[in-house]
1. Which peptide among 34-42, 211-219 comes first, and what is the full order, when sorted by highest mean count of other Cβ atoms within 10 Å?
2. Based on alpha-carbon positions alone, could you give the equivalent ellipsoid semi-axes of segment 3-326 from the gyration tensor, as √(5λ), descending, whole Å?
3. Over the chain, calculate the relative contact order: mean separation of alpha carbon pairs under 8 Å at least 6 apart, over the residue count, as a percent.
4. Radius of gyration and Dmax for segment 189-338's Cα atoms, expressed in Å?
5. Length gain on complete extension for the stretch residue 63 to residue 226, per 0.36 nm per residue less the alpha carbon to alpha carbon distance?
6. Give the peptides 241-250, 277-286 in descending order of average Cβ contacts within 10 Å, highest first.
Ligand code: SF4
Ligand code: SF4
């Protein structure tokens, strides 16, 4: 992470803003992946599901995104879903608008539809394509975004492949090596990222890895990254999978990323996963990357994470003062309920 980026993010935190904003751009997705957190009944807290929300399109969607960005002042915006490419015309308008404001944009998609080649030349854009396992498992789980369709749709592009490792993948001998060999060898693939499946607390999930499987996956990825430089994950971040944040209140990712759902009103809490995720088995790559930064010792026993949590508390005081002074009923309301209170255990 660049020093300039860290300083910018820190300044935002002290001002009471979250440096990252994630927008569930649409409630729609043509896929029905087993284990998808976005369509879990409790993803938005249980009152309403993502598919039941009203969402937007056309000029109205573009307007709402820009209004939200002006209000929240993020440095980084993730467009997620559903699948944001369901609204590809709007996404093609939104990306240059955001980049023009100096914001880094990430589009997370299954690549069920063509990813524009022109996106490959945009420095501040990351296109993340979710590919879960080898062809046989993936095509079963994620049709119609099959391997063949993805290969066709990312031709000439520049993508980051993101694989969520499931129990099924962890159980299959050699699957990680084969995955890295296949996708790492393609010219369109710029980077490889790996998350682990994160279960909801108390829920049965066939994708859930046990502790021994998590340990073996981490060891294998540590080994593979030595051979394949496209695996863009620091060893310290990979090791965090074995000691994830204890709760949302200790999770730097949850506190630095605001997520808003497709109606531009409903917050996704406590983190982008929504519902009641089991932090003890968190497999989120972003959470682990930030946890690794947080574990860094700045001086003596003082860690970057300790400084972050102090700064975040200060920022929340600044934000609550600002909200009192600038309350405006006409604006899209996503704060304060989107941000866990500084000391509270998040629900
Ligand atoms: S592509 Fe993504 S949003 Fe759509 S069902 Fe699959 S995991 Fe869920
Ligand atoms: S489940 Fe969510 S809140 Fe918990 S550690 Fe993972 S990203 Fe953070």
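1. Top of the packing list down: 34-42, 211-219.
2. On the way: eigenvalues 159, 125, 79 Å².
In descending order the semi-axes read 28, 25, 20 Å.
3. Across the chain, relative contact order equals 20 percent.
4. Spelled out, the Cα radius of gyration and Dmax of segment 189-338 are 17.8, 55 Å.
5. 54.2 nm
6. 277-286, 241-250
Bear in mind that the values in this text are calculations on the coordinates, not laboratory data. What you see is a predicted model, and the numbers here were worked out from it, not measured in a lab. Don't worry about glycine lacking a Cβ; one is built from the backbone with ideal geometry, like all the others, and counts go over all protein chains shown.
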